[in-house]
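One structure below.
Any read-out appearing in this document is the output of simple, stated calculations on the displayed coordinates, not a laboratory observation. Note that the coordinates shown come from a computational prediction; the quantities given were computed from them, not determined experimentally. So basically every Cβ, Gly included, is an ideal-geometry build from the backbone, and we count neighbours across all protein chains shown.
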Amino acid sequence: MSSYLQLSGINKTYGNFTALENVDLEVEKGEFVTFLGPSGSGKTTTLMLIAGFATPTRGTIDIEGASLAGLDPQDRNIGIVFQNYALFPHKTAAENVYFPLQMRDVKRLEGMRRADEMLDLVGLAGFSHRYPKELSGGQQQRVALARALVFEPDLLLLDEPLGALDKNLREQMQIEIKRIQKKLGVTTIFVTHDQTEAMSMSDRICVFSNGKIEQLGKPLDIYHRPKTKFVADFIGESNLIPARITDAANCKAQSNVLGDVTYGTQSGTELRDGQEVSLVIRPEHLKLSSKRLADRMSAGIEIETIVNYGDNALVIGTSESQQIRVRVPGADVVILNEGDKCFISWTQDDVFVVTD
Ligand code: ATP
């Protein structure tokens, strides 16, 4: 059975420049999928192709098995929210939300009733008569969300909708958007370059890099089993340590910094003996100690910098000329000094292998 939304072999070129290359993606009905990646990686381009504001150079986009090719954006039954809310300034909140219904020939009385209901759902009961300039940024974004949802779209597309909000409001809106999306069960694609936002909101994350999907998976799978160096570095913090596979069958590798290691987690990519790879250890999985610990593998390190964050600290040191980062609980940092020589230690489960 095919998925609800299906992108197959999508390419998008602008002149000589390839913005998207061979993008395949399947999204299930009701799913919340986030496009995550650095600036220019192709997230918005993909969203615009789905919305119909641009046409793929090659490839197809289907919803429920029906091709979207040739359909204008207004005929796609897709709700969209952009970072800059794009509300009509001379219309009230309710009139803004009514607008897409008006375009669909819903009579004013019925349309305004549905607009009020939707404003209620997004937490703006009582704000129907306000004009956009009389609303805060967060409230305007709620109106934009209500407007994108009021006509019961097949798909909701959110392009960095929280980018203009301050941190607290942003976190509050993340929870709100998730609540509303779950309640309505609307299939949603959310674009962000903020990895914590992606981790906390998504059913699955689609990591973009250079116009390609680098990895697609559940947030924790992507975090614990990144396939490439890029993903390991982009999602969470990573120590990336050059190494060579010595015995792929038995998960063994060798590196200057860590010596001979057995890695616990594999990304799923095939590895061969002699292959140059990177070992990844998350800073929070390393332990610092003044002596070697009997039950853990360890290596010497000299502390260079300690950055305090209150509840935790980042300790940066070097081992065999490689910079190593360790996260330690805030309480532990009082006994550490820059220049100290000590040990980092880890267990097999903390080490995984990624390729380029
Ligand atoms: P951001 O987070 O900055 O929005 P993004 O991942 O959404 O980045 P896109 O907007 O999809 O990136 O852009 C992907 C690439 O395609 C970029 O290099 C961009 O410059 C290029 N691009 C996008 N639209 C056009 C266009 N109309 N003409 C030429 N190049 C374009």
note = FRET efficiency for D349 and S8 from the Cβ-Cβ distance with R0 = 35 Å, rounded to 0.05, comes out at 0.40
query = Which of the listed residues, V106, H193, T55, is farthest toward the dipole's positive end in the chain, when Lys, Arg count +1 and Asp, Glu count -1 at the beta-carbon?
reply = V106
key: Distance in nm between pseudo-label sites at M103 and D154 (7 Å out along the Cβ direction from Cα)   = 1.6 nm
key: Label-point separation in nm, K91 to L220, each point 7 Å along Cα→Cβ   = 4.3 nm
ask   = Roughly how tilted is helix 108-121, in degrees to the nearest 10 and between 0 and 90, from the longest Cα axis of the chain?
value = 20 degrees
note = Per-residue Cβ contact counts at 10 Å, fewest first, order H129, H193 as H129, H193
ask   = Which one of P283, N308, G259 is farthest out on the positive end of the charge dipole of the chain, using unit charges on Cβ (Lys, Arg +1; Asp, Glu -1) and the Cα centre as origin?
value = N308
request  = Set the Förster distance to 35 Å, then compute FRET efficiency between Y131 and F53 from the Cβ-Cβ distance, nearest 0.05.
outcome  = 0.80
task = Work out, step by step, the length gained on full extension between E171 and E26: first 0.36 nm times the residue separation, then minus their alpha carbon distance; give nm to one decimal.
result = 49.4 nm
ask   = Got a sec? How would S202, S8, S290 order by Cβ neighbour count within 10 Å, fewest to most?
value = S290, S8, S202
ask   = Based on the Cα atoms of the range 229-354, what semi-axes does the equivalent ellipsoid have, where each is the square root of 5 times one gyration tensor eigenvalue, given in whole Å with the largest first?
value = 26, 15, 12
query = Within the P(r) computed for the range 173-267, what percentage of the Cα pairs occupies the region above 17 Å?
reply = 59 percent
query = Which of the pairs K229/K252; K29/K182; K218/K287 have their Cα atoms more than 20 Å apart in this structure?
reply = K218/K287
message = Just to check, using Stokes-Einstein with a Kirkwood Rh over alpha carbon pairs, what's the diffusion coefficient of the range 313-356 at 20 °C and 1.002 mPa s in µm²/s?
response = 173 µm²/s
note = Expected sort for V261, V315 with the fewest Cβ neighbours (10 Å cutoff) up front is V261, V315
note = Dividing the helical contributions, -39500 (n - 2.57) per DSSP H run of n ≥ 4, by the residues of the chain yields a 222 nm value, nearest 500 deg cm²/dmol, of -7000 deg cm²/dmol
ask   = So, by mean Cβ neighbours within 10 angstrom, what's the order for 322-329, 65-72 with the highest one leading?
value = 322-329, 65-72
key: Assigned charges on the beta-carbon of Lys, Arg, Asp, Glu; the range 244-356 dipole about Cα centre (debye)   = 200 debye
inquiry  = Give me the dipole magnitude in Debye, nearest 20, for the chain about the Cα centre, with unit charges on the beta carbon: positive for Lys and Arg, negative for Asp and Glu.
reply    = 620 debye
query = Dipole of the range 5-224 (Lys/Arg Cβ +1, Asp/Glu Cβ -1, origin at the Cα centre): which of A69, N84, T44 lies farthest to the positive side?
reply = N84
ask   = Of all DSSP beta bridges located in the range 5-224, what percent are antiparallel, nearest 5?
value = 50 percent
task = Whole number please: convex hull volume per residue, Cα atoms of the chain, in Å³.
result = 174 Å³
task = Figure the gain on full extension for A66 and E270 (residue separation times 0.36 nm, minus the Cα-Cα span) and round it to one decimal in nm.
result = 69.8 nm
